[in-house]
Structures are given as C-alpha cells and as structure tokens.
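Note sheet for the following structure.
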C-alpha cells in the first residue's frame, strides 16, 4: 500500500512543512519529516500535528492511520532541544508538556487504529510518541531509550503511564531511571514493540497490516477501537451494558447486513 498511496494519494491537509500527510483507500500515512534534526519534534511541529489530527478525527472514511518518520535511521529522536531552549520558565515548560500530552492522547484516542511504523531509533520523547500508537512494527535495527533522566528531566509527553501499562512497573522504572538503550530484540521481548522486520520492510509491513484492517467494515473497526479505548475500566453491570450496546449497534448496521448477505451468497 505504500506504493499505492504514492500513486493514488490525496493530501487533504494543506500547508504542512515539518510533516507529510497523504491518504488512499481508507488509510492515512503521517510522516514526521525533519531528517536534519533526526525527526525531533519542536514547538513548530506541534501545531502541524494538531491540524492533521483535526482532519483524521473527523474523516469518516478513514479506517487506519500509519505514523512513521523520514529516513531509515531515526523514528523520533525526542524533543528539538534547540527549540525547547526557549522554555525558560516553569509555566512555559509545563505548557509545552500539557500541549504534547494532549496531542499524544488525541493520537491514542483516535477512532481508528494507529500503526507505528518505527523506522529507526526512538529516544526520549520519541519513545513516548511510539507508545501512543496502538500497534508498533519496528525495524530490527531500531533502538529504544527513555533518555530524559540523562539530561536531568522526566518524561513529559504521556509516555510514562503508557510504558508502565505496557511493560510493567519494574521494567518501566528501570528504563526511565537509567536511560538505558535497548535494542529491537529486547524491546520485542518486554512488549515495547509488536513485530520486528528488516529495515527496508517497515513501511511495507505496516501498510500490509493496514490493508488487512481496512478491508473490514469501517463501522465495526471503529466500534472495536471504541470498546478498547473506553471499556477497560468498566466492571459489573456497566461493563455488560457497554459491550452489549456496542455489539447491538453493529449487529443492526447496514455493514453487518451486507456482510451476512455476501457470506450467504458465497456459501
């Protein structure tokens, strides 16, 4: 699908400089395009990301979003320290943190699946961006590290909580307290990534998975994502009612009726 996107793509978000966004056949491809600074995210990157999310949140025909970055060495190196040097007060630093936390929450909470095509190293905030994706397919050469502690700061973009949830408290603390760099195999072993592929195959593998997902009815895909995002904290009768209502909405939908009719025809 990566080649297909190049051939049939549309670019519905105009005026992007540090990001690239195209879509085709129900799949969006968002690329962080700052190779000169190892795809670091700066203060000027954040408003562009917000604009892309504005579009994706309301694009009813989309089924999947792929997030990747330019080149084959670095996914996201973290925050752009040259730009972040402008944050000289507590208020400015906390404001930036809140802005990025909200952006990462919006990415994670999108009504469609988000596949991270992790094309290279993810350090500091880059790991936090990767963890906001639903599924992570990584280069076998990629490395990962929560390096914030090595420059005397803490994670700031929402990755702390996601890391603890994903790999457990003790492993998360080890990574965050040491700044240790782990290779792709170790990242796979602890559950930080879901699939390892050859560096040249990262985007193609993510695209193949996106195609497989997007081949299914859009309403059901969005209902499942909603269940996962909003149903995990429910218990007892609330959990029963939540799942029953979600299922019933899809059961009586046109997508389901058409799929059943097609299945009967094939049988």
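Things worth noting here:
- Of 191, 179, all but one fail to be in contact (Cβ under 8 Å) with a residue 12 or more places away in the chain, within 20 Å of the chain's Cα centre (by Cα) and surrounded by fewer than 16 Cβ atoms within 10 Å (Cβ to Cβ); the exception is 191.
- Evaluation of residue 156 against (1) touching a residue at least 40 places away in the same chain (Cβ under 8 Å); (2) surrounded by fewer than 18 Cβ atoms within 10 Å (Cβ to Cβ) (one fails), failing number: (2)
- No other residue among 249, 211 is under 27 Å from residue 115 (Cα atoms), in a helix (DSSP H, G or I) and at pLDDT 95 or above apart from 211.
- Checking residue 263 against (1) without any contact (Cβ under 8 Å) to a residue 12 or more places away in the chain; (2) closer than 26 Å to residue 23 by Cβ, the condition it does not meet: (2)
- From 101, 86, residue being under 18 Å from the mean Cα position of the chain (by Cα) and within 22 Å of residue 151 (Cα to Cα): 101
The values are calculated or read from the model by the stated rules, or taken from the named source; none is laboratory data. As the structure is a prediction and not an experimental result, all values here were calculated from the model. Every residue, glycine as well, gets a Cβ built from its backbone with ideal geometry; the counts of neighbours run over all protein chains shown.
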